[in-house]
Amino acid sequence: MRAVITEQKGKPMQRLYRKRIVLGVGGGIAAYKSAELVRRLLDQGAEVRVVMTRGGSEFITPLTMQALSGHPVHMDLLDPAAEAAMGHIELAKWADLVLIAPATADLIARLAQGIADDLLTTLVLATDATVAIAPAMNQAMWRDPATQANTQLLESRGLRVFGPASGSQACGDVGMGRMLEADDLALCAAECFKRQSLTGKHVLITAGPTQENIDPVRYITNHSSGKMGFALAEAAVEAGARVTLITGPVHLPTPDRVTRIDVVSARDMLAACEAAIPCDLFIASAAVADYRPEVVAPQKLKKDPTNGDGLLLQMVRNPDILATIATRPDRPFSVGFAAETEHLLDYAARKLKDKNLDLIVANDVANPSIGFNSEENACSVIDRELHATLFAQTSKGKIARQLITFIAERLNQV
């Protein structure tokens, strides 16, 4: 599919955030442009790994590409060290896009024939990612019927073709065959990814419980597992967002492509949230402790035989994270969670108003099948007009995707 650039430069670039791009560098003089291309892709938030052919390394050094990408350059199919670090099959699975720039006439011919005699051609056969080529060659080589036939064959198989452009060439000729400039190639790469409901948005999510210390041994907490917040973070990434996940103490793996910040107390969580702002969307799914001990004992509290069987703790209010963020002058679109055991919708609606929220998600945690630590959830979302939308019981992953879709629709209406 031949690329047609129709948008202004930079407009769709946010689609590249956290996208994984393997840049293949073939053996042509245009390889010098590949260095600038790495910079342009990184500037737009993409993750880049470079694979070079032997010919490519003759025009620009692997050390240069390593310095620019921040990662070792892959060259040899049978390099034990490279295979141990990230084998070619893993690299093929890792990629969202394989972009070959420059793609020489020889490389295009080998790709058309399905030849896998080096790392780059093998990777192309092994990947399920989108593959794109940026042709770069002498104008006569580009016009040759064999090159045209090979290019058309690759297009018929679904490979994208970016360019070439027309202009003066290194050999002194003028005509079609110049590789597109780095900015144009970055734009073409962005066009490979469709715009999603949260593309370009920074989403800040809190998850899990907080812990409030009593002494060095004991603390106050709750039963929150963090599963819902982590599922929301994963769903927001799928919707194209840049996601910051601030979580209390939980035993959950970090969702792919999510920036995770671990905290302990409510005050820690508030500080982390404020440091992560500005954001477009704030989803507060954490179960934050409302109170903490006024004084944290420096040593483990011992039983006091003169005090009978009791222990008196003086408690003070924790800062209200959700209200603090939702009432800022630069407030993001703010979504809260209400975990209640009774009067679910009434309490949730009151919380929505009191905290100046845009939406609130009401959960009945008295129901063990959808409460803390469960694998499933059901909820109602209440908006500012106090209209409630019910989401039927299903897995937390599915509920998270449904919620993100619903929230994104409301956010994009603002």
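The values are calculated or read from the model by the stated rules, or taken from the named source; none is laboratory data. The shown structure was predicted, so the numbers you read here are calculated from the model rather than taken from an experiment. Every residue, glycine among them, receives a Cβ derived from its backbone with ideal geometry; neighbour counts consider all protein chains shown. Quick note on the areas: whole protein, heavy atoms, side chains included, nothing else; ligands and nucleic acids left out. Shrake-Rupley method; radii C 1.70, N 1.55, O 1.52, S 1.80 Å.
One table, with the values for the structure above:
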quantity: Solvent accessible area, Å² - Arg257, 1.4 Å probe, full protein context; calculated: 50 Å²
quantity: Charge dipole (the chain, unit charges on Cβ, about Cα centre) - positive-most of Gly28, Ser369, Val73; calculated: Gly28
quantity: DSSP-assigned coil residues among trypsin sites (Lys or Arg not before Pro) in region 371-402, each with at most 16 further Cβ atoms within 10 Å; calculated: Arg384
quantity: Cα-centred dipole magnitude for the chain, charges only on beta-carbon of K, R (+1) and D, E (-1), debye, nearest 20; calculated: 440 debye
quantity: Solvent-accessible area of Glu181 with every protein chain in place, 1.4 Å probe, in Å² to the nearest 10; calculated: 80 Å²
quantity: Cα-based helix-to-principal-axis angle, 31-43 vs the chain, degrees rounded to 10; calculated: 20 degrees
quantity: Rel. contact order, % - alpha carbon contacts under 8 angstrom, at least six apart, the chain; calculated: 12 percent
quantity: Heavy atoms of Leu111 accessible to a 1.4 Å probe, total area in Å² rounded to 10; calculated: 10 Å²
quantity: Rounded to 10°, Cα long-axis angle of helix 266-276 versus longest principal axis of the chain; calculated: 30 degrees
quantity: DSSP bridge pairs, region 20-192: antiparallel proportion in percent, nearest 5; calculated: 20 percent
quantity: Helix axis angle, 227-238 relative to the chain longest principal axis, alpha carbon, degrees; calculated: 30 degrees
quantity: Dipole of region 20-192, positive direction: furthest Cα of Leu123, Thr61, Ile100, with charges on the beta-carbon; calculated: Ile100
quantity: Cleavage-rule hits, GluC sites (Glu not before Pro), region 338-382, DSSP coil, Cβ neighbours within 10 Å at most 15; calculated: Glu342, Glu375
quantity: Antiparallel DSSP beta bridges within region 182-326, percent to nearest 5; calculated: 25 percent
quantity: Within the chain, percent of DSSP bridges classed antiparallel, to nearest 5; calculated: 30 percent
quantity: Computed magnitude of the charge dipole of region 20-192 (debye, nearest 20; Cβ of K, R +1, Cβ of D, E -1); calculated: 160 debye
quantity: Alpha carbon centroid spacing (whole Å) that separates region 139-168 from region 194-273; calculated: 47 Å
quantity: Positive-pole candidate from Leu185, Ser225, Ile283, dipole of region 168-324, charges at beta carbon; calculated: Ser225
quantity: In sequence order, calculated HN-Hα J values of region 291-302 (Karplus, 6.51, -1.76, 1.60; Hz; x Gly/Pro); calculated: 10, 9, x, 5, 10, 8, 5, x, 10, 4, 5, 9
quantity: Carbon + sulfur, % of accessible area of region 294-414 - ligands and nucleic acids excluded, 1.4 Å; calculated: 51 percent
quantity: Cα gyration tensor shape of the chain, rounded if a/c is under 1.5, else prolate or oblate by comparing a/b with b/c; calculated: prolate
quantity: Surface accessible to a 1.4 Å probe, per residue, for the residues of the chain, Å²; calculated: 47 Å²
